[in-house]
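Scroll down for the structure; my scribbles are underneath it.
The values are calculated or read from the model by the stated rules, or taken from the named source; none is laboratory data. Computed from a prediction, not measured in an experiment: that's the story for all the values here. Please note: Cβ atoms are built from the backbone with ideal geometry, for glycine as well, and neighbour counts cover all protein chains shown.
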Amino acid sequence: MVEARTQAARLWNLQRQGQVGTLAPIDGHEAVVAATAHALDPTHDWILPQYREPLALQRFGPEVLEQYMLYNIGHPHGSRFPPSVRVAPLQISLATQIPHAVGLAWGMTLQNEPGVTTVFFGDGSSSEGDFHEAANLAGVLKAPVILLCVNNQWAISTPLHQQTAAETLADRAVGYGMPGVRIDGNDAAAVFDAVDEARRRALDGGGPTLIEAVVYRLGPHTTADDPTRYVPAEDLEAARRDDPIERLADHLAGLGLWDEETRSAVEAEALIRIDEAFERAITQPLATDAIFDHCFATDTPRMARQRAALLDSAP
Amino acid sequence: MTGTSEMNMLQAINESLHGEMARDERVVLLGEDIGHVGGVFRATEGLFEKFGAARVVDTPLAEGVIVGSAVGLAMAGLVPVAEIQFLGFSYQAMHQIAGQVARLRYRSQGRFEPAITIRAPFGGGVRTPEMHSDSLEGQLANIPGLKVVTPATAADAKGLLAAAVRDPDPVMFLEPLRGYRGIRGEVPDGDHVVPLGSARVAREGDDLVIIAWSYQVELACRVADSLAEEGLSVAVLDLRSLVPLDIEAIADAVDRCGLAVVVEEASQTGGFAGEVVATIIEECFWSLEAPVVRVSGFDVPYPVGMLEDTFVPDETRIAAAVRRTLETA
């Protein structure tokens, strides 16, 4: 969590220097993402992220950071996690990844593969038709999927009460015949327990679970957003007093497992890792005709001509 | 396996699905009403009984998640064959078709193999209710990463569907509603695969070539046959697939004839016939003896029953376009 927060700050600086593109900071989501990753089994379970999560998904493989840096500089290989990393590419078209998670979970069941899929989406995405259609199908199929709605109160500038008239998002689970759980997403232990329970149920054939993890978006929607135009300052101030990192730090400090020295060491290591990853990313080669790669397994005749023409015109 | 059997397109499609499911246990069928009842047209008849409920799945009524879950099934290493009951309903899945299915390989830079086939009947002429008959092949062909296949004969329905299911890339397999029972022919027994991207010369001819796909090939052949009685030699080129497009076959036919008419059922503006005409201009402008003419649906929404015959190109309109082109030259 500290690693993710530290690296997010570095990314923010890199973005402001024009070194990486627009990105969505993780601030405020660290506990829900990191604790979820820790409750899952990276060798059998899948995570389908939205776009805010990668820095806290590094338990699923150190390559996550490497790929995320490539992604942020706009290198096409940024979405290609290696086969050992069971993380799907980031998803910008909101909620479209939820049907994929249901289909993947269903496909694993058909092939008798033990494991669950966990899909991250937000309070805004819960208004999309894909959420409804996918949750409904997951319920019907009893697919081993965890629908993890991170309710951070804001969909860019739209507050939750304009997103839904429902009292809670977890309530919607009733309509899909699955358990709905509402948890404090700033409480890493609560997140771990909820995901662990949902995972066990799914593996036992009990089907999907909808988890609503309530957090507060502590940063802007993306580096292109100015939340001071719409987030009440007093609300943000109150949310900062409930910072998920400080809550866990206080708890661990009370147990004698965490102190400022440890934090400084984690932060220093995190910065070294992201700086190294950034250096590797910007020196990654990119072929002149890479734009055509992996559109189809084999170029169509028309694409083959386009590729040849591009190569011919290249300096 | 050298024999043939006479059957309609629906039976050919059904036979192809039986063959593919038996050949590859990763093939999974999903869609509305495809299991117990065997599909509203019976295209999937007998598959549920033969391959079971795990591989032939009746889904909830939700086109978006039929396609969206097929993406997940492909990510799991399966080979989903999804059915959209009528192509007009695919608008409710278009965000998954265009944004996700077509981009799965590209977005993951080759990690995930989108071996997904989406079958859907399309086209008019059978007095279906609103939204059942839309021809969206031009819109689909404009989506990079998607193959668009349009069989016109029973044999091709079997062979192209087998190729689509085996293809590592996503294929929109568009079946002519009017051809389901209206087109019959000899179909090779056993394993029969027609590679995607190779057009078929449906009629030989030297004076003019009609370029068409799907059910319009049937009409074009009837026009060619009737004009042959007047001594006119009209060729018909069946594109079979719009993506990949057989550019060479188009160029060969137009270079030989010097005159071309392109027929489509979709509305004209932005339709695929325009793409074919542009290809002709690029490839064989100097062979042309007269302007290329398009015969298309009109630029209106697909109409209700009493207006259907006005909208859909028929033999009269195709023949008139052919005569006009021959007279212009």
Residue count, region A:80-92 (criterion: within 13 Å of the chain's Cα centre (by Cα) and either under 20 Å from A:GLN15 (Cβ atoms) or not charged (D, E, K, R) (or both)): 6
Region A:69-88 - residue that is at the interface with chain B (Cβ under 7 Å from one of its Cβ atoms) and part of a helix (DSSP H, G or I) and, of those, nearest to A:HIS38 (Cα to Cα): A:SER79
Residue match in region A:49-66 (condition: more than 14 Å from the chain's Cα centre (by Cα) and buried (at least 20 other Cβ atoms within 10 Å of the Cβ)): yes
Test: residue in region B:255-274 that is over 17 Å from B:ASP238 (Cβ atoms), part of a helix (DSSP H, G or I), in the same structural domain as B:GLU308 (by TED's automatic domain parsing) and among the β-branched types (Val, Ile, Thr): no
Residue, farthest from A:GLY74 (Cα to Cα), within region B:104-135, restricted to residues that are at the interface with chain A (Cβ under 9 Å from one of its Cβ atoms) and free of Cβ contacts under 8 Å to residues at least 60 places away in the same chain: B:GLU113
Residue count, region A:101-119 (criterion: surrounded by fewer than 24 Cβ atoms within 10 Å (Cβ to Cβ), part of a helix (DSSP H, G or I) and facing chain B (nearest Cβ under 7 Å)): 1
In region A:123-133, residue nearest to the other protein chains (Cβ to nearest Cβ) [restricted to those that are outside any loop (DSSP other than H, G, I, E, B) and not polar (S, T, N, Q)]: A:GLU133
Given (1) within 30 Å of the chain's Cα centre (by Cα); (2) within 14 Å of another protein chain (Cβ to nearest Cβ), index of the condition A:ARG273 fails: (2)
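Residue-wise test of (1) within 14 Å of another protein chain (Cβ to nearest Cβ); (2) assigned to a helix (DSSP H, G or I); (3) in contact with a Gly (Cβ under 6 Å, 6 or more places away or on another chain).
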position	(1), (2), (3)
A:LEU90	yes, no, no
A:ALA95	yes, no, no
A:PRO99	yes, yes, yes
A:PHE121	yes, no, no
A:ALA135	yes, yes, no
A:VAL140	yes, yes, no
A:ALA165	no, no, no
A:ALA173	no, yes, yes
A:ALA189	no, yes, no
Total residues in region B:34-87, condition surrounded by fewer than 21 Cβ atoms within 10 Å (Cβ to Cβ), closer than 25 Å to B:MET7 by Cα and within 14 Å of chain A (Cβ to nearest Cβ): 1
Selection count, region B:298-324, where residues are of a type outside the set (Phe, Trp, Tyr) and either in a loop (DSSP other than H, G, I, E, B) or touching a helix residue (DSSP H, G or I) at 6+ places or on another chain (Cβ under 7 Å) (or both): 12
A:ASP299 out of contact with any Leu (no Cβ under 8 Å at 6 or more places or on another chain), over 24 Å from A:GLY28 (Cβ atoms) and not polar (S, T, N, Q): yes
Some residue of region A:29-40 being assigned by TED's automatic domain parsing to the domain that holds A:GLY129, touching a residue at least 12 places away in the same chain (Cβ under 8 Å), buried (at least 19 other Cβ atoms within 10 Å of the Cβ) and in a loop (DSSP other than H, G, I, E, B): yes
